[in-house]
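Quick note: the coordinates plus some simple rules give every number you see, no bench work behind them. No experiment lies behind these values; they were computed from the predicted model shown. Virtual Cβ from ideal backbone geometry, glycine too; neighbours counted across all protein chains shown.
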Amino acid sequence: MGTTDALLAAATPISGLSQIAARAAFAGALVSLLAVLSLHVLKPELEPSWHMVSEYAVGTHGWVMTLCFAGLVVGCIGLVVALLPQQP
């Protein structure tokens, strides 16, 4: 039995909750990325190399940065929930 076969035999089966959590983690990360990219278009006066990302939360488009932060929360929690059953 090779190393790969031994690892596959010892692997924990992935539960339905882990799959849902992994998809939520991916979706949260994607929402965050898209929100930040859209803010660079919506607020071109803020140079990303000189301003903190939280400065995008100030003004009329602040809700987009709130959406970004919420996506980060969903992504992080989803990743933790997806990986917890994989602990030895």
Legend entry - Cβ pairs under 9 Å, 6+ apart, first in segment 30-45 and over 11 Å from residue 68 (Cβ atoms), second in a loop (DSSP other than H, G, I, E, B) and not polar (S, T, N, Q): 40/46; 40/48; 42/61; 43/59; 43/61
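Checking the structure you have, find out if any residue of segment 49-66 is in contact (Cβ under 8 Å) with a residue 24 or more places away in the chain and under 13 Å from the mean Cα position of the chain (by Cα). Reasoning before the result, please.
Just the residues of segment 49-66 that are in contact (Cβ under 8 Å) with a residue 24 or more places away in the chain, to begin with: 64-65.
If we keep only those that are under 13 Å from the mean Cα position of the chain (by Cα) too, we end up with none.
The answer is no, given that none of the residues of segment 49-66 is in contact (Cβ under 8 Å) with a residue 24 or more places away in the chain and under 13 Å from the mean Cα position of the chain (by Cα).
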Legend entry - Residues within segment 16-58 that are surrounded by 12 or more Cβ atoms within 10 Å (Cβ to Cβ), closer than 30 Å to residue 86 by Cβ and not hydrophobic (A, V, I, L, M, F, W, C), tallied: 4
